[in-house]
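Structure, as structure tokens:
The values are calculated or read from the model by the stated rules, or taken from the named source; none is laboratory data. Bear in mind the structure is a predicted one, so any value in this text is a computation, not a measurement. Virtual Cβ from ideal backbone geometry, glycine too; neighbours counted across all protein chains shown. With ligands, DNA and RNA removed, areas are computed over all heavy atoms of the protein, side chains included. Shrake-Rupley method; radii C 1.70, N 1.55, O 1.52, S 1.80 Å.
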Amino acid sequence: MKEIILLTISGEDKPGVTSSMSSILASYQINILDIGQAVIHNTLSLGILIEVSREAESSPLLRDLLFKAHELNMKIRFQPVDVQEYTDWVGEQGKSRHIITLLARRITAEHIAKVTDIAARHGINIDKITRLSGRLSLDTSPQEKTRACVEFSVRGADADTGPLREEFLRAASDLDVDIAFQEDNIFRRNRRLVVFDMDSTLIEAEVIDELAKEAGVGDQVAEITEAAMRGEIDFNESFKRRMALLKGLDVKVLDQIAERLPMTEGCEELVSNLKALGFKTAILSGGFNYFASHLQNKLGFDYVYANELDIDAEGRVTGEVKGTVVNGERKAELLREIAAKEGIALEQTIAVGDGANDLPMLSIAGLGIAFRAKPLVRQSAKQAISTLGLDGILYLIGFRDRDALN
């Protein structure tokens, strides 16, 4: 009768441990049913699930493994596994799996405890935990904008993940961290197109507010902008009101504003890595083409769609825009058009934005991310990032700091 045994080997990491152990198993013609290995701070943990036939005689095999472990100064543990238990475990393969991503400036034990407690209470098993961020120096000052990310590979989530997502969202708000929960499928590992809102997403400003300051109507326009981003005013109506207040603004101020617009933390790092990895990128903005094109020239976006300011013969803003207004519905339409043109499935797209007018494109993208968004948008989007910069998005698609190409 066949035996199933779980070998657990641990100790100081050194070359040759896995090779030595597997060589002994090979000499007994052992089948390996599962294997996993991790190293944390120079400590190796190696697990091997083996099938031992009657001919292999497990006692001599275990003796040889024990001697080799002693020779390597490693600890080894043998645990018999019930055949029915193994059969049940095999039967679970093919079921949906998910990824929980925890992002923060620094990750504490409280953060891990909260995430794993929520998972446990929802009947979720954690199969693997991986640190995606780089090692953090002990000399790092509290003021430094560090990044930390841990990824949990899990199984067993209910078909209705709504209550789980709501609990993760509340925990993220309470702990000042971000917690993403997404299905681990083939599309997650094959994203190909990323589209961005511009104002308060790629740049830390609302361009129309900057224009309004130059026109002397800053407070009035900012109030309308805030209401629109919260979803209290229809975007088209709010845009019309704000544009009317800009009538007569001298076009000469556009260059000054474009030069002083601050890019969001992590913007350049994110876009350069996406471009290097072959992603297509686009700006879909309810702002203005003049400023979006400025970013395109600087960072190399493949597509730009934004509103075109109408300028009169005297070089002044008329208070109107040319062509179709880029509102929420238009952004979603453009996302579909670009994806179709590039031969990319919507499931392979990522959309990033902060306002209510971004929700239509966030809802149809394979990965919709509310970035430093208002509460309404955070609650409605599939995922949200508020604590890190834009380059935190790389973690949500499984990239590690060591994968960075710049």
Q: Give the stretch 4-37 a look and list any residue that's surrounded by fewer than 13 Cβ atoms within 10 Å (Cβ to Cβ) and in contact with a Ser or Thr (Cβ under 9 Å, 6 or more places away or on another chain), or say none.
A: E12, Q29, G36
Q. Can you name the strands (runs of 3 or more DSSP E) wholly within the stretch 324-406 that have at least 3 residues being surrounded by 20 or more Cβ atoms within 10 Å (Cβ to Cβ) and not small (G, A, S)?
A. 349-353, 367-371
Q: Considering only the stretch 43-131, give the strands (runs of 3 or more DSSP E) lying wholly within it that have at least 3 residues that are touching a residue at least 12 places away in the same chain (Cβ under 8 Å) and more than 21 Å from the chain's Cα centre (by Cα).
A: 43-52, 75-80
Q.
I need a count of the residues in the stretch 15-42 that are assigned to a helix (DSSP H, G or I) and under 34 Å from the mean Cα position of the chain (by Cα).
A. 1
Q) Just checking, how many residues over the stretch 60-88 are out of contact with any strand residue (DSSP E or B) (no Cβ under 8 Å at 6 or more places or on another chain) and open to solvent by 90 Å² or more (accessible area, probe 1.4 Å)? A) 6
(Q) Being under 28 Å from V150 (Cβ atoms), aliphatic (A, V, I, L, M) and in contact (Cβ under 8 Å) with a residue 24 or more places away in the chain: is that true of I24 here? (A) no
Q: Tally the residues that are in a strand (DSSP E or B) and under 23 Å from G389 (Cβ atoms), restricting the search to the stretch 289-321.
A: 3
**Q.** Filtered residues of the stretch 39-56 (kept if at pLDDT below 90 and surrounded by 12 or more Cβ atoms within 10 Å (Cβ to Cβ))
**A.** V52, S53, A56
Q) Does D197 qualify as being touching a residue at least 40 places away in the same chain (Cβ under 8 Å) and either in the same structural domain as S380 (by the TED database) or within 30 Å of Q256 (Cα to Cα) (or both)? A) yes
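Per-residue answers, yes or no, for (1) part of a strand (DSSP E or B); (2) modelled with pLDDT under 95; (3) surrounded by fewer than 16 Cβ atoms within 10 Å (Cβ to Cβ):
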site: L254; (1), (2), (3): no, yes, no
site: I257; (1), (2), (3): no, yes, no
site: L284; (1), (2), (3): yes, no, no
site: G287; (1), (2), (3): yes, yes, no
